[in-house]
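Notes to accompany the following structure.
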Amino acid sequence: MGDSSSPGSAASAEYLETFQSQLEDDTGIVAVAAVRALTAVLRLSQASTIMGINRELEEAQKVLIGVRQKLLQSGGGARTRTPIPLECACELFRRYVTRTSLEIPDMEQCKTILIERGEQFAQKALQSRHTISVLGQQFIRDGMKVFTIGKSRTVLDVLCEVQRRNRRFEVIVPETRPDELGYQMAEELVALNIPVKIIHDFAVASIMEDVDLVLVGAEGVLENGGIINLVGTYSTALVAQAMKKPFYVAAESYKFSRKWPLSQQEAAYPSRDAEKFRPLRDVRPASLGRYNSCSDLTEAAQCTPGTDDLSGPECIVYDENPSYFLPHCDMTPPDLITLLFTDLGVLTPSAVSDELIKMYA
Amino acid sequence: AATLRLVFAYPLNLHGAVSSACAPVFLFPTMEDYPETHAVSDPVEIPASRERSASSAHNAASVSSAFSASPSSSSLPGWSDSKRPVSTPADTEGVTGSKRGSKRNSETQGMAQLSVSGDANVEGDDGAGSGERRSRRGRSASASEESDSGRSARGADEAPRTGRGRGARAGSTAQQNDEETKLTAKERKALRKEKAMKKASGKAPPAKMQFDDTKRVRSKNKEASVVRKRAQKELELFAHLPQVEHGETFTQELPLQNCEIHPEIMRVGLMSANGVLCGSNSRTIAMLEAFIEFIRDFEPNENQEFIRVISTKLRPQIDFLVQCRPLAISMGNTIYWFKSLVSAMEVGLPLEQSKEELIASIKRYIESRIVFAESMIAEIACQKIVDGDVVLVFGFSQLVYSVLRQANTKGIRFRVIVVDALPACQGRTLLKHLCRHGIECSYVLLNAVSYVMNEATKVILGAHAMLSNGSAIAHAGNAAVAMMAKEYKRPVMMCCEMFKFSLRVQLDSIVHNELGNPDELVHSADDAIAGWKQAKTLRLVNIKYDLTPPENISMVVAEIGVVPPSSIPVAIREFGKDAAACL
């Protein structure tokens with residue numbers, strides 16, 4: 001946990017506790033918890049300069065992200081799959097700290113204002129989902145079929161709002177194995193008395209002709225207007241574009257980040273732990289290298305024919321066969337996204353950069 | 001009382017009919033002429049007719065007649081007088097000044113109805129700038145005169161009737177505001193000036209000079225100190241661009257002593273003309289340093305105020321530079337910034353202090369907007385280069401070179417493919433520099449870019465300027481490389497400092513470009529096209545720049561960070577108000 005000096009570590013312990021307790025809270029939005037934790041760091045901070053405060057906040061951010069990642073990797077009931085929303089919120093708060101410190105040179109006054117604003121930010125963040133649901137509900141009209149992926153509380157709020165206005169609509173969700181988020185989402189929707197259809201993950205393209213619009217949440221919104229969301233969003237977006245269906249994203253403004261990954265590899269967060277992942281079946285043969293140990297072709301011919309090419313080089317031993325590609329998330333580029341519903345309004349992907357420049361200016 | 005100058009302005013379309021979209025604008029004398037507001041004609045008539053005119057086109061004429069016909073406005077000239085267009089330009093200036101004054105005047109005279117049609121007033125005012133010119137032409141047309149005189153009789157009947165009804169209300173508020181206006185005349189003058197400036201900034205800038213506009217070219221050449229000889233073989237497609245005969249000495253007729261052109265400026269100009277000084281950053285810095293020398297050596301006359309006069313004195317220098325080589329867009333932005341800097345400076349300071357301040361500002365501009373920006377962009381862009389990357393670059397851009405150098409210093413393992421194009425072959429310079437740093441490079445010409453694009457993982461290009469719609473103007477060939485990269489789905493990073501962001505929009509490369517020396521296309525004396533000047537049907541085109549549309553650009557790297565090309569106007573709005581020129 002870093003600091004060797006005792007006030008530092010005492011402070012760290014305290015803000016971690018604040019963080020955990022906020023998360024346990026039912027409306028545990030990671031961003032709110034993070035900002036409250038950082039505000040706590042500010043309050044306890046004994047640094048005498050703005051740079052000192054900034055450094056403390058940076059360390060606190062690292063610790064929080066570390067905690068979060070551990071939580072995610074242990075598979076604990078984390079609602080978000082990556083620490084991206086946490087990172088974005090921390091960055092925004094730190095950026096806000098820097099700006100305010102430039103405007104108000106007096107330290108104590110600055111701190112008071114920052115703590116106040118931190119609380120305001122938390123309040124606004126709690127309100128943001130409501131704003132988004134009001135904005136988003138106007139896009140779902142009577143009789144529409146909505147396609148969504150995974151369990152996003154923002155999307156849930158939008159659908160709830162539509163239901164509240166007594167419109168008839170149907171929701172289609174893929175199973176989203178192996179996390180089975182589709183089932184969790186279906187559970188929530190059935191409880192709200194909304195008709196749900198669960199499909200196989202690969203049936204996305206088949207069902208898309210019946211769908212009227214696609215609505216997903218986001219882990220993070222990128223500078224170019226693209227989003228990072230759970231894996232499968234990119235494929236859905238591609239299918240939606242091919243079938244000319246609108247693709248909407250519901251994301252709060254504290255998820256806006258200045259990241260800009262250039263490829264899927266850059267965007268994909270550390271994948272699931274391959275060792276912890278339980279494949280459906282173990283395809284490895286009982287004795288490895290059965291084919292490789294055959295000394296000549298006649299002997300090899302007597303081996304049970306498999307899919308392996310026996311004429312291949314015999315001395316190759318693969319470290320890990322089979323290997324797995326288990327990303328948590330993928331990146332959806334902005335040209336596949338029609339509109340974003342945010343608490344700053346309904347934005348086009350190019351307006352995201354506008355808002356970011358304003359926020360970070 | 002001085003005579004009231006009343007000019008009527010309403011926009012006419014081709015048929016002379018009043019366009020109903022714009023309400024007519026009433027021009028009153030300025031506050032300076034009439035410190036007491038009630039000296040102006042009865043305000044009662046105007047609101048009534050104004051409101052009606054705002055709704056229908058026909059009443060526009062009746063409004064004017066209401067003016068002339070109403071008994072209280074007997075001091076006004078008759079309708080026939082006001083129809084006469086204001087002929088002298090000096091008058092026009094006064095008129096436009098009074099136009100703005102009138103707007104405030106009318107408001108404070110308590111014309112309650114005007115506030116109702118307040119929007120119409122504003123639109124009319126804004127349209128007046130162009131409308132006025134059109135109306136001057138239109139008013140002299142006989143058709144309008146006839147219709148106006150025809151309607152005047154009708155109008156005279158209607159106006160007083162409705163006017164009386166509203167008169168009572170307007171009168172009382174007029175009295176109220178009279179007191180206000182008497183007190184705050186000075187403040188209103190300041191406000192008026194502010195509004196004028198705001199309006200001036202909202203006006204469309206004058207059209208850029210096209211070189212096939214013979215009249216404008218002739219008038220510009222009259223004031224120029226040197227005029228370059230036009231090319232023998234001109235291209236019709238580029239008739240709107242300057243085509244000069246390269247290789248001719250054009251400074252011979254400049255006098256050796258008491259030359260208008262400062263020697264530093266002449267040096268920069270000649271170096272640009274000969275191609276010794278190339279690259280927009282170098283040219284901008286050289287120009288600014290020449291300006292610094294000019295400012296140092298400039299001695300204003302006794303009755304001249306340095307700050308007021310420096311911009312005008314700089315104009316012939318800039319014109320000389322333009323004759324040597326058309327200014328780069330970044331240089332245009334810089335000059336615009338310089339002019340706004342000068343206009344914001346305090347007047348009346350001692351000469352040395354003004355000069356030092358100006359020079360310090362220019363140095364700060366160079367430091368922050370050019371040099372520091374370059375290092376910021378290099379830092380940001382090399383974060384996007386990872387181990388194992390194959391970076392494709394085109395030609396030689398100072399920025400791109402800095403990026404690659406920075407990435408190399410950071411220890412990132414990457415290799416570079418340099419794509420080059422004739423006739424400039426600037427890629428060879430880049431190649432030399434990169435090899436000196438030990439970076440692994442390949443070199444191809446533009447025709448092979450489709451072969452190597454598959455290998456590349458990303459493309460980094462340098463822009464000459466970025467336009468408001470997200471397009472990039474860069475050296476000829478960049479557009480092709482970006483197009484190819486899009487085809488192969490490779491990310492294209494366009495590096496550009498913010499002082500090169502322009503509010504202009506261009507849709508193709510032909511509308512505005514620069515033509516270089518056609519002789520550069522000829523390799524040697526026994527080249528097939530060596531005798532192009534004598535060949536009757538052969539013309540050589542050496543285009544310098546091309547336009548990359550925003551679809552082919554993935555991201556723009558500027559000092560503010562990585563932004564999508566659609567955010568160029570946002571960046572100008574937030575950061576670069578002083579540096580972005582309109583045209």
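The values are calculated or read from the model by the stated rules, or taken from the named source; none is laboratory data. Source: prediction; values computed, not measured. Virtual Cβ from ideal backbone geometry, glycine too; neighbours counted across all protein chains shown. Note: accessible area is taken over every heavy atom of the protein model, side chains too, but ligands, DNA and RNA are not part of it. Shrake-Rupley method; radii C 1.70, N 1.55, O 1.52, S 1.80 Å.
Give, ordered by residue number, each residue of region B:349-384 whose 1.4 Å probe accessible area is reduced by a minimum of 50 Å² on adding the remaining protein chains to the chain alone.
B:384
Once you've got the Cα coordinates, tell me which of B:339/B:544; A:255/B:486; A:111/B:384; A:124/B:384 are over 32 Å apart.
In this structure, A:111/B:384; A:124/B:384 lie more than 32 Å apart at Cα.
Got a sec to turn the phi values of region B:465-478 into Karplus ³J(HN,Hα) couplings, 6.51 cos²θ - 1.76 cosθ + 1.60 with θ = phi - 60°, whole Hz, x for Gly and Pro?
Karplus values, whole Hz, x for Gly and Pro: 7, 10, 9, 5, 8, x, 6, 10, 9, 9, 4, 4, x, 5.
How much accessible surface area, in Å² rounded to 10, belongs to the heavy atoms of residue B:238 with a 1.4 Å probe?
Per-residue accessible area (residue B:238): approximately 10 Å².
With a 1.4 Å probe, what is the total accessible area buried between chains A and B, in Å² rounded to the nearest 100?
Rounded to the nearest hundred, the buried surface is 1200 Å².
What Kirkwood hydrodynamic radius do you get for region B:241-287 when you take the inverse of the mean 1/r over all pairs of distinct Cα atoms, in Å?
Computed over Cα pairs of region B:241-287, the Kirkwood hydrodynamic radius comes out at 12.0 Å.
Hey, what's region A:150-291 come to in accessible area per residue, 1.4 Å probe, Å²?
The answer is 50 Å² per residue.
Please give the Cα centre distance for region A:152-174 versus region B:520-553, rounded to the nearest Å.
When both Cα centres are located, 62 Å separates them.
Carbon and sulfur atoms: what percent of the 1.4 Å accessible area of region B:499-583 do they account for?
That share works out to 57 percent.
Heavy atoms only, probe 1.4 Å: what % of the accessible area of region B:219-340 goes to carbon and sulfur, would you let me know?
Carbon and sulfur: 49 percent of the exposed surface of region B:219-340.
So for the pair residue B:191, residue B:359, with labels modelled 7 Å out along Cα→Cβ, what separation do we get in nm?
About 4.4 nm separates the two model spin labels.
So who's got an amide H within less than 5 Å of the one on residue B:392, skipping anything under 5 residues away but keeping other chains? H placed 1.01 Å off N, in plane.
Amide H to amide H, under 5 Å and 5 or more residues apart or across chains, residue B:392 pairs with B:417, B:457, B:458, B:459, B:460.
So, taking all protein chains as they sit and a 1.4 Å probe, how much accessible area belongs to residue A:98, in Å² rounded to tens?
So the heavy atoms of residue A:98 present about 50 Å² to solvent.
Using the Cα gyration tensor of region B:261-305, with a ≥ b ≥ c the square roots of its eigenvalues, what is the shape: rounded (a/c below 1.5), prolate (a/b larger than b/c) or oblate (neither)?
Since a/c reaches 1.5 and a/b is larger than b/c, the shape of region B:261-305 is classed as prolate.
Per residue, how large is the accessible surface of region B:284-426? Use a 1.4 angstrom probe and give square angstrom. Provide the component values of the computation, followed by the final result.
Values: 6020 Å² over 143 residues.
Using a 1.4 Å probe on heavy atoms only, each residue of region B:284-426 averages 42 Å².
Considering only B:378, B:409, B:435, whose Cα is most displaced toward the positive end of the charge dipole of region B:344-456, charges sitting on Cβ of Lys, Arg (+1) and Asp, Glu (-1)?
Going by the Cα projections, it comes out as B:435.
With charges set only on the Cβ (+1 for Lys and Arg, -1 for Asp and Glu), what does the dipole of region B:456-583 come to about its Cα centre, in debye to the nearest 20? Write out the running numbers ahead of the final one.
Working: 12 positive and 13 negative charges, 52 e Å.
I would put it at about 260 debye.
Kindly provide the pair-distance distribution of region B:282-393 built from C-alpha pairs, with 5 Å bins from 0 and whole-percent values in order of increasing distance.
Answer for region B:282-393: a P(r) of 2, 10, 19, 20, 15, 11, 8, 5, 4, 3, 2, 1, 0, 0 percent.
Looking at the calculated P(r) for region B:457-583, what percent of the C-alpha pair distances fall above 23 Å?
Of the Cα pairs, 41 percent sit more than 23 Å apart.
Please compute the per residue accessible area over region B:484-545 with all protein chains in place, 1.4 Å probe, rounded to a whole number of Å².
54
At what distance in angstrom do the alpha carbon centres of region B:381-458 and region A:101-133 lie from each other?
Cα centroid of region B:381-458 versus Cα centroid of region A:101-133: 45 Å apart.
So what does residue B:193 come to for accessible area, using a 1.4 Å probe and Å² rounded to 10?
140
No solvent, one uniform scatterer per C-alpha: report log10 I(q)/I(0) for region B:347-506 via the Debye equation at q = 0.10, 0.12, 0.13, 0.16 1/Å, two decimals.
-0.41, -0.56, -0.63, -0.89
At q = 0.12, 0.21 Å⁻¹, work out log10 I(q)/I(0) for region A:140-264 with the Debye formula, treating every Cα as an identical point scatterer and leaving solvent out; two decimals please.
Reported log10 I(q)/I(0), two decimals: -0.42, -1.28.
Taking the Cα centroid of region B:226-287 and of region B:333-368, what is the distance between the two, rounded to the nearest whole Å?
Their Cα centres are 26 Å away from one another.
Taking 7 Å along the Cα-to-C-beta vector as the label spot, tell me the residue A:104-residue B:351 distance in nanometres, rounded to one decimal.
Spacing of the two 7 Å Cα→Cβ label points: 5.0 nm.
Once label points are set 7 Å from the Cα along Cα→Cβ at both residue A:138 and residue A:280, what is their separation, rounded to one decimal in nm?
4.4
Report D for region A:123-180 in µm² per second (integer): Stokes-Einstein, Kirkwood Rh on Cα pairs, 4 °C, 1.567 mPa s.
106
Say R0 is 56 Å: what FRET efficiency, to the nearest 0.05, do residue B:440 and residue B:253 get from their beta-carbon distance?
The value I calculate is 0.60.
Around residue B:231, which amide H atoms from residues at least 5 apart in sequence, or from another chain, sit under 5 Å from its own amide H, with H modelled in the peptide plane?
B:243, B:244, B:245
For region B:259-274, in order, what is each residue's ³J(HN,Hα) by Karplus, 6.51 cos²θ - 1.76 cosθ + 1.60 with θ = phi - 60°, in whole Hz (x at glycine and Pro)?
6, 5, 8, 5, x, 5, 4, 5, 4, 4, x, 5, 5, 5, 5, 7
If R₀ is 25 angstrom, what is the calculated FRET efficiency for the pair residue A:201 and residue A:130, using the beta carbon separation as r and rounding to 0.05?
Rounded to the nearest 0.05, the efficiency is 0.20.
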